[in-house]
Every structure is written in C-alpha cells, then in structure tokens.
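Have a look at the structure below, then the notes.
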Amino acid sequence: MHDADVIPPGPAPDAGMRWIPGATFRMGSDAHYPEEAPAHEVAVDGFWIDCRPVTNETFAKFIAETSHTTVAELAPDPAEYPGALPELLHPGSLVFQKPNRPVDTRDMRNWWAFTLGADWRHPGGPDSDLTRM
C-alpha cells in the first residue's frame, strides 16, 4: 500500500466525512451462487464516506448535482442473470417485509422481498414515496 492510499487527498469534501484508505480484498464466492463466482482479488481506491447516515434530503441533493442513477433504477442485464424470469428483469429492489411471526433467519426471503419499482424514491414499491410507504 502506498502513502497516497492511506493519506487523504486533501480536506474532507464536507464536514463529518472520514477517509477510508484504499485496500485489496477478496470479492465473490466459489461456494455459493453462480453469479458470485469466481472469487477474485479486487483493489478499491480510497474514498470519503459520511460518518452518519445519509438522509433522503442529502441523497436527493447528491442525485440532483451528479445525475447519478442507482442500481435499483436500472433494468438488470439478462446476460448477468442467466435463467432469470423475464418478468423480473425490470428495475426494482429488495423491500423489508416485517414478519408477523418468528421465522428462520437463515433464509433472508422470510423478511426481504424483491419488489418491482422499488428504489430510493419509492422505498416500498411503485405506490410508495418518501412520505408514505
């Protein structure tokens, strides 16, 4: 690792941000889902991160300034999901579903559901917004 990876490249862009040094880590898995393979080394550059949760208001400002589009707003590439049902290859995200009884915590499908049309502006799905979910 070089000093440039550890030492921040100047002052924080905003108060309350912290520098995370660059590093190399092993990403993926050869023992789980096919789309996670192959496990491989990945180098990540250093970056600034907020030390407190980002609010919807702050994130909206970021979107307005950068024109960023989140993964949940993009249709998945069918080539990256071989065998996926075509009706699920549309923008969406996982949405938390509070169970009404104890569930097997080894299976995340017991409390998360993929929901078409869910994204940061529509956290509960297409009929929700940041004021009602």
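The values are calculated or read from the model by the stated rules, or taken from the named source; none is laboratory data. Small disclaimer: the values here were computed from a predicted structure and weren't measured. All Cβ positions, even for glycine, are placed from backbone atoms using ideal geometry, and neighbour counts span all protein chains on display.
Here is how the numbers come out for the structure above:
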{"read-out": "Subset of region 108-133 (residues that are free of Cβ contacts under 8 Å to residues at least 12 places away in the same chain and in a loop (DSSP other than H, G, I, E, B))", "value": "Arg121, Pro126, Asp127, Ser128, Asp129, Thr131, Arg132, Met133"}
{"read-out": "Filter result (at pLDDT 95 or above and closer than 30 Å to Pro123 by Cβ) within region 30-43", "value": "Val42"}
{"read-out": "Looking only at region 97-121, and only at residues there that are at pLDDT below 95 and among the aromatic types (Phe, Trp, Tyr), the one that is surrounded by the most Cβ atoms within 10 Å (Cβ to Cβ)", "value": "Trp111"}
{"read-out": "First in region 49-64 and more than 10 Å from Trp120 (Cβ to Cβ) and free of Cβ contacts under 8 Å to residues at least 24 places away in the same chain, second anywhere and surrounded by 12 or more Cβ atoms within 10 Å (Cβ to Cβ) and of a type in the set (Gly, Ala, Ser), Cβ under 6 Å, 6 or more apart", "value": "none"}
{"read-out": "Residue in region 72-107 that is nearest to the chain's Cα centre (by Cα), counting only those that are touching a residue at least 12 places away in the same chain (Cβ under 8 Å) and assigned to a helix (DSSP H, G or I)", "value": "Ala72"}
{"read-out": "Output for region 65-103, where each listed residue is over 15 Å from Trp120 (Cβ atoms) and aromatic (Phe, Trp, Tyr)", "value": "Tyr81"}
{"read-out": "Filtered residue count, region 28-71, keeping only those that are farther than 22 Å from Leu116 by Cα, more than 15 Å from the chain's Cα centre (by Cα) and not in a loop (DSSP other than H, G, I, E, B)", "value": "17"}
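A quick yes/no check of all residues on (1) hydrophobic (A, V, I, L, M, F, W, C); (2) on the phi > 0 side of the Ramachandran plot; (3) exposed (fewer than 11 other Cβ atoms within 10 Å of the Cβ):
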position: Met27; (1), (2), (3): yes, no, no
position: His32; (1), (2), (3): no, no, yes
position: His40; (1), (2), (3): no, no, yes
position: Phe59; (1), (2), (3): yes, no, no
position: Val71; (1), (2), (3): yes, no, yes
position: Leu89; (1), (2), (3): yes, no, no
position: Val95; (1), (2), (3): yes, no, no
